[in-house]
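Step one of this worksheet: look at the structure below.
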Amino acid sequence: PPAPPPPAPPAPVAQQQPPPGWWLASDGRWYPPEALPGAAAPPPPPGARSIERTPADWVAFGCVVAVIIGSFMPWATAGPFTVSGTDGDGVITLLLGGIGVLTSLFRKHVGTVVVMALAALIAAIDIADISSVADNEFVSVSPGGGIVLVLLAGIGGVVASLIARTRGRRAGRSAPRI
């Protein structure tokens, strides 16, 4: 019996059909669309969220970290004595800060707003309580640096998270769902 004919040689590269969007370079090879010099990156699919963080996202995250740090710092001073935040409501703000880390990292802006607002509210109530005791004629009591840091960071976190949410919507990213 005669031998089967040898297989046909492969078609030259220039004659092969590339996937859609690929382009033929001067070296005779096909390249994907993103390899085209000067080509812009393809737009994300509709409804996709950008992974880029805005400056407001980073500020919100920094405020969350500041709440955690402030929770460990002194919340009240009375003469030579100090009371740490973790001796009282600082435990709550510490837990809120932990939740805030998660909501901030996953860019759940509404969650970060709620957590930071609660931390600021707790700090404001405690500052008012400390200030009411400060009028005592026997001892001078004043708010410590930690409670002030928690209050300011809580307010800053609320503002930064609201800005991040607004900018995210304006940039065409889908609004995060809580």
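The values are calculated or read from the model by the stated rules, or taken from the named source; none is laboratory data. Just so it is clear, the structure is predicted and the values come from calculations on it, not from any experiment. Backbone-built Cβ (ideal geometry, glycine too); neighbour counts: all protein chains shown. Heavy atoms of the whole protein, side chains included, go into the accessibility calculation; ligands, DNA and RNA do not. Shrake-Rupley method; radii C 1.70, N 1.55, O 1.52, S 1.80 Å.
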Select from segment 121-135 the residues that are part of a helix (DSSP H, G or I) and of a type outside the set (A, V, I, L, M, F, W, C) and write down the one among them that is modelled with the highest pLDDT. Asp126
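Per-residue answers, yes or no, for (1) more than 30 Å from Trp22 (Cβ to Cβ); (2) modelled with pLDDT of 95 or more; (3) in contact with a Ser or Thr (Cβ under 9 Å, 6 or more places away or on another chain):
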site	(1), (2), (3)
Pro45	no, no, no
Asp57	yes, no, yes
Val67	yes, yes, yes
Ser71	yes, yes, yes
Thr82	yes, no, no
Val101	yes, yes, no
Ser104	yes, no, yes
Ala119	yes, yes, yes
Val150	yes, yes, yes
From the list Ser131, Ser104, pick out the single residue that is in contact (Cβ under 8 Å) with a residue 40 or more places away in the chain and hydroxyl-bearing (Ser, Thr, Tyr). Ser104
Run Phe138 past the list (1) assigned to a loop (DSSP other than H, G, I, E, B); (2) touching a residue at least 40 places away in the same chain (Cβ under 8 Å) and report the number of the one that doesn't hold. (2)
For segment 68-77, give me the residue count where each residue is in a helix (DSSP H, G or I) and either of a type in the set (Lys, Arg) or crowded, with 18+ Cβ neighbours inside 10 Å (or both). 3
Inside segment 78-100, can you point out the residues that are aliphatic (A, V, I, L, M), open to solvent by 40 Å² or more (accessible area, probe 1.4 Å) and more than 13 Å from Ala120 (Cβ to Cβ)? Val83, Val91, Leu94, Leu95, Ile99
Qualifying positions in segment 107-120 - touching a residue at least 40 places away in the same chain (Cβ under 8 Å) and either assigned to a helix (DSSP H, G or I) or open to solvent by less than 10 Å² (accessible area, probe 1.4 Å) (or both): His109, Val110, Gly111, Thr112, Val113, Val115, Met116, Ala117, Ala119
I need the full set of residues from segment 100-152 which are closer than 16 Å to Ala164 by Cα and more than 15 Å from the chain's Cα centre (by Cα), in order please. Ala117
